[in-house]
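Notes to accompany the following structure.
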Amino acid sequence: AQSVSQHNHHVILSEAASLELGCNYSYGGTVNLFWYVQYPGQHLQLLLKYFSGDPLVKGIKGFEAEFIKSKFSFNLRKPSVQWSDTAEYFCAVNIDTGRRALTFGSGTRLQVQP
Amino acid sequence: GAVVSQHPSRVICKSGTSVKIECRSLDFQATTMFWYRQFPKQSLMLMATSNEGSKATYEQGVEKDKFLINHASLTLSTLTVTSAHPEDSSFYICSARDQAEYYGYTFGSGTRLTVV
């Protein structure tokens, strides 16, 4: 079964700092990759997703992620974070059947200090 | 966009009672819905996959007699926690897949269950 690893459990940044959150998965076949954000007290929201094509994916709120197949990675980046980016970020994987549920990483809590 | 409504958002119940959680897709049809459980500061763990008109598929270690799932229509799935115990206290989240957007997953806002 596939698994997802997020090595950064808690990240603290100052506003305007650059962000990179790591995500690695373990599955040798074709995968679909997602990043979700969960703001305090709110539901999960999709930031971006990768199915195929350009490995550099741009999402909402200025986030982007790069799929590096050789490294089984899908790291999330943002050049300049804002206080409003304080949230929990989850990487998720779905193997290419279109039927299965997402497998989530353990999440990264991002705290942006003003 | 696609919206999933989950109710209740919070519920407190006594040990031994049952609690029903509803998950509705408001503006799309969802043949497949997923139920997750999230422990504090942990990730979402898949409990079961709910398919409209058929029995749910439970993940290993999830008691199907305790967590009853019914997906009677294309817009509604319910999770009933039967004979709840304090260890069932958790955050339960449903997700629905939008067929129109093949890989789209929309999440409900979750239900905080506290068993006392």
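The values are calculated or read from the model by the stated rules, or taken from the named source; none is laboratory data. For clarity, every value in this text was computed on a predicted model and none was experimentally measured. We place every Cβ from the backbone using ideal geometry, glycine too, and count neighbours over all the protein chains shown. With ligands, DNA and RNA removed, areas are computed over all heavy atoms of the protein, side chains included. Shrake-Rupley method; radii C 1.70, N 1.55, O 1.52, S 1.80 Å.
Between a first residue in segment A:1-29 that is more than 30 Å from B:Gln60 (Cα to Cα) and touching a residue at least 60 places away in the same chain (Cβ under 8 Å) and a second residue that is in a loop (DSSP other than H, G, I, E, B) and β-branched (Val, Ile, Thr), which pairs have beta carbons less than 6 Å apart while being 6 or more apart in sequence or on different chains?
A:Leu13/A:Val81; A:Ala17/A:Val81; A:Leu19/A:Val81
Yes/no per residue for (1) within 23 Å of A:Asn94 (Cβ to Cβ); (2) out of contact with any Lys or Arg (no Cβ under 7 Å at 6 or more places or on another chain); (3) open to solvent by 10 Å² or more (accessible area, probe 1.4 Å); (4) not basic (Lys, Arg):
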| position | (1), (2), (3), (4) |
| --- | --- |
| B:Ile12 | no, yes, yes, yes |
| B:Trp35 | yes, yes, no, yes |
| B:Phe39 | yes, yes, yes, yes |
| B:Thr49 | yes, yes, yes, yes |
| B:Ser54 | yes, yes, yes, yes |
| B:Leu76 | no, no, yes, yes |
| B:His85 | no, yes, yes, yes |
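Could you look through segment A:57-85, keep only residues that are open to solvent by 40 Å² or more (accessible area, probe 1.4 Å) and of a type in the set (Val, Ile, Thr), and pick out the one that is farthest from B:Arg37 (Cα to Cα)?
A:Ile68
Examine segment B:14-25 for a residue that is of a type in the set (Ser, Thr, Tyr), part of a strand (DSSP E or B), away from every other protein chain (no Cβ under 13 Å) and under 14 Å from the mean Cα position of the chain (by Cα), and state whether such a residue exists.
The answer is yes, given that some residue of segment B:14-25 is of a type in the set (Ser, Thr, Tyr), part of a strand (DSSP E or B), away from every other protein chain (no Cβ under 13 Å) and under 14 Å from the mean Cα position of the chain (by Cα).
Applying the selection to segment A:86-112, what residues are facing chain B (nearest Cβ under 10 Å), in contact (Cβ under 8 Å) with a residue 12 or more places away in the chain and open to solvent by 20 Å² or more (accessible area, probe 1.4 Å)?
Passing the criteria: A:Glu88, A:Asp96, A:Thr103, A:Ser106, A:Arg109.
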